[in-house]
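Written below as structure tokens is the structure these notes are about.
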């Protein structure tokens, strides 16, 4: 392991923020991420970059930013680690002096005042452990469905909204959180891959507060070369979303809501498995079946057959209702007309 970079300030009146960037063969976008950190208006930042034994020009590009206004600490792995291990190692490099950590993937970037805004919200209440914000994905602002007039949530409230789909466009990978003892020691669970970022955030929020900045200060990229696309688009995340409810739902939802969420989630997964099988994506359907089995949920061919029958019946019912409505000769009732 090789380490190089510049020192950080330990006597600054504002808390130190560690921006953490794990990177593997990121020569296409890494300069943009590094530049966005160097341009931050917040004055007390250290940028930790973990080079996962890159084979391209990434080391050369990163070296060009060492010595800039924002200190850059670079670590290079001697061999390539899997993504979860690399992310865990990167978080473990956060200096002890830091009060907050911000994950910044190598192909993402931030507005110039992003850290300044995040810290201002965080220090307003010491119980705020996590600050989120809106994201622009390839230039498109992602609406998160949250109340624009509400700034602070309890961890349970935010978890409930996330599981209900209200925080469906929350940029988990842009996590910004207050550091607590042990929080950066292997924070990402390989069993939750590929949803390791959301799983970590929801686990870390237990009995803590969450604050939201309702403006887009983050930028994300989802091209063909990203991990998401290499994993096959969003399909692997279908099971991850269901598992998130299974793991975190009991502490955020009442028993009836939890059971209903599980029922609907499992029904959705079964329909996805039918679609993937019809497309010939057998491995994807099998991976979901295996993931469910790890939690004691067995999906048999007969279960899928009954799901198909019920799904087909539901589609036929909806189309029949639409057809009857379109052919109904009776005029609609006039406004104010009596019974």
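The values are calculated or read from the model by the stated rules, or taken from the named source; none is laboratory data. Predicted model, so just to flag it, every value in this text is computed and none were measured. Here the Cβ positions follow ideal geometry from the backbone for every residue, glycine too, while neighbour counts run over all protein chains shown.
Annotations for the structure displayed:
- Test: residue in region 292-299 that is free of Cβ contacts under 8 Å to residues at least 24 places away in the same chain and more than 21 Å from residue 247 (Cα to Cα): no
- Any hit, region 90-109, residues being modelled with pLDDT of 95 or more, surrounded by fewer than 17 Cβ atoms within 10 Å (Cβ to Cβ) and not in a loop (DSSP other than H, G, I, E, B): yes
- Residue 264 meets the conditions (1) surrounded by 10 or more Cβ atoms within 10 Å (Cβ to Cβ); (2) at pLDDT below 90; (3) assigned to a loop (DSSP other than H, G, I, E, B) in every case but one. The failed one is (3).
- One residue from 35, 41 being touching a strand residue (DSSP E or B) at 6+ places or on another chain (Cβ under 9 Å), at pLDDT 95 or above, surrounded by fewer than 16 Cβ atoms within 10 Å (Cβ to Cβ) and more than 15 Å from residue 103 (Cβ to Cβ): 35
- Within region 162-170, not a single residue is modelled with pLDDT of 85 or more and surrounded by 20 or more Cβ atoms within 10 Å (Cβ to Cβ).
- Among the residues of region 239-258, those identified as more than 16 Å from the chain's Cα centre (by Cα) and over 17 Å from residue 296 (Cβ atoms) are 251, 252, 253, 254, 255, 256, 257.
- Residue match in region 309-319 (condition: assigned to a helix (DSSP H, G or I) and under 23 Å from the mean Cα position of the chain (by Cα)): no
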